[in-house]
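The values are calculated or read from the model by the stated rules, or taken from the named source; none is laboratory data. Fair warning: this is a prediction, and the values are worked out from it, not measured in the lab. Neighbour counts run over all protein chains shown; Cβ positions are idealised from the backbone, glycine included.
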Amino acid sequence: MAWNPNQYLKFSGHRLRPALDLLLRIPDLPARRVADLGAGAGNVTKLLKERWPDAEVTGVEGSAEMVAAGRKAAPDVVWQHADLGGWRPAHGFDVIYSNAALHWLPNHEQLFPKLFGGVAAGGILAVQMPRNFEAPSHTLIAETALDGPWRNKLAHLVTPPPVQGPAFYHALLAPSAENLDIWETEYLQVLTGENPVKEWTKGTWLMRYLDVLEGTEKAAFEAAYAARVAKAYPPNAAGETLFPFRRLFMVAQHKA
Ligand SMILES: C[S@@+](CC[C@H](N)C(=O)[O-])C[C@H]1O[C@@H](n2cnc3c(N)ncnc32)[C@H](O)[C@@H]1O
């Protein structure tokens, strides 16, 4: 998928908050090897390097555009241009961190134990994923995809939400965990500007659909979604658009 760092970073402040909330829940430990999975444009990866300056920090990222942005933002990080689906941790990491990325991967039942298996004894797996797929911002994407001349091209993308509930991840991680902290937070994001929820999803989930279409059809699909989502999230009297957004967090410490 063609990630656009500029579109994604339009909301970098709002997107940074959960990344920091996750980072701050990781206990102090003397890490030598740290990985950031789905590291994106590197703006969070560089904070991992700041927290563990003596560690080798590796950013694993599947998009060439994001890797290029990441290399600029965090030049002292080792960048791996790789698909996480086939990524195997080469050695035990003291910290495997992933913010807003693993929901792009299927088969969490296999993925999460595999990643936790790449964490050294006493080390940490720290993950944040959005769990907002049942909110209008996301359901209206599916609704629009299935209601237009583009239906045949887009219907295969309408799949069940990729992120499960907290108990699912607890069951996967608890057998190998010394400590396991799983929680959810719903942020009331205050956005400004023209149809900002459309602009938000255009940097992420809507891209899956836009990528498949071209030219006037792509523009018509985006406009049809824009009209629906603007109605679902009208601005208040102050011109602000309130966008509640739920996220799932987990910090798992591997058994010694
Ligand atoms: C929403 S961005 C998050 C970026 C960064 N972690 C942050 O917090 O700003 C998701 C990132 O995951 C990457 N990604 C998604 N699926 C991937 C995969 N299968 N392999 C590698 N990277 C992937 C995307 O390219 C994108 O840069």
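Please enumerate the residues belonging to the range 235-256 that are in contact (Cβ under 8 Å) with a residue 60 or more places away in the chain and assigned to a strand (DSSP E or B).
Keep residues of the range 235-256 that are in contact (Cβ under 8 Å) with a residue 60 or more places away in the chain, which gives 243-256.
Passing the criteria: PHE243, PRO244, PHE245, ARG246, ARG247, LEU248, PHE249, MET250, VAL251, ALA252, GLN253, HIS254.
Are there any pairs with C-beta distances below 6 angstrom linking a residue in the range 156-178 that is more than 27 Å from HIS138 (Cα to Cα) and among the hydroxyl-bearing types (Ser, Thr, Tyr) to a residue that is part of a helix (DSSP H, G or I) and at pLDDT 95 or above, with the two at least 6 apart or on different chains, and if so which?
Within 6 Å, the pairs are SER176/PHE116.
Can you find, within the range 11-22, the residue that is nearest to PHE249 (Cα to Cα) among those that are surrounded by fewer than 17 Cβ atoms within 10 Å (Cβ to Cβ) and of a type outside the set (A, V, I, L, M)? So that I can check it myself, show each step before the final result.
Restricting attention to the range 11-22, the residues satisfying the condition of being surrounded by fewer than 17 Cβ atoms within 10 Å (Cβ to Cβ) are 12-14, 16-17, 20-21.
Of the ones still in play, those that are also of a type outside the set (A, V, I, L, M) are 12-14, 17, 21.
Details: SER12: 19, GLY13: 18, HIS14: 16, ARG17: 13, ASP21: 9 Å.
That would be ASP21.
It is to be established whether one or more residues within the range 53-70 are within 8 Å of the ligand (Cβ to nearest atom), in contact with a strand residue (DSSP E or B) (Cβ under 7 Å, 6 or more places away or on another chain) and touching a residue at least 12 places away in the same chain (Cβ under 8 Å).
Yes.
Select from the range 30-52 the residues that are at pLDDT below 95 and surrounded by fewer than 16 Cβ atoms within 10 Å (Cβ to Cβ) and list them in ascending order.
Hit for the range 30-52 is PRO30, nothing else.
Please name all residue pairs, on different chains or six or more residues apart, with Cβ atoms under 7 Å, provided the first residue is in the range 201-228 and is part of a helix (DSSP H, G or I) and the second residue is modelled with pLDDT of 95 or more and among the β-branched types (Val, Ile, Thr).
Sorted first by the residue in the range 201-228, then by its partner, the pairs are THR201/ILE141; TYR209/ILE141; PHE221/THR144; ALA224/THR144; TYR225/ILE141; TYR225/THR144; ARG228/THR144.
Just a yes or no: is a residue in the range 35-42 among the charged types (D, E, K, R) and farther than 21 Å from GLY117 by Cβ? Spell out how you get there, then give the answer.
Taking the range 35-42 first, the residues among the charged types (D, E, K, R) are 36.
Restricting the remaining residues to those that are farther than 21 Å from GLY117 by Cβ gives none.
No: zero hits.
What is the one condition in (1) more than 28 Å from LEU16 (Cβ to Cβ); (2) basic (Lys, Arg); (3) touching a residue at least 24 places away in the same chain (Cβ under 8 Å) that LYS231 does not satisfy?
Failing condition for LYS231: (3).
From the residues in the range 8-37 that are in a loop (DSSP other than H, G, I, E, B) and in contact with a Gly (Cβ under 9 Å, 6 or more places away or on another chain), which one is farthest from the ligand (Cβ to nearest atom)?
My answer is LEU29.
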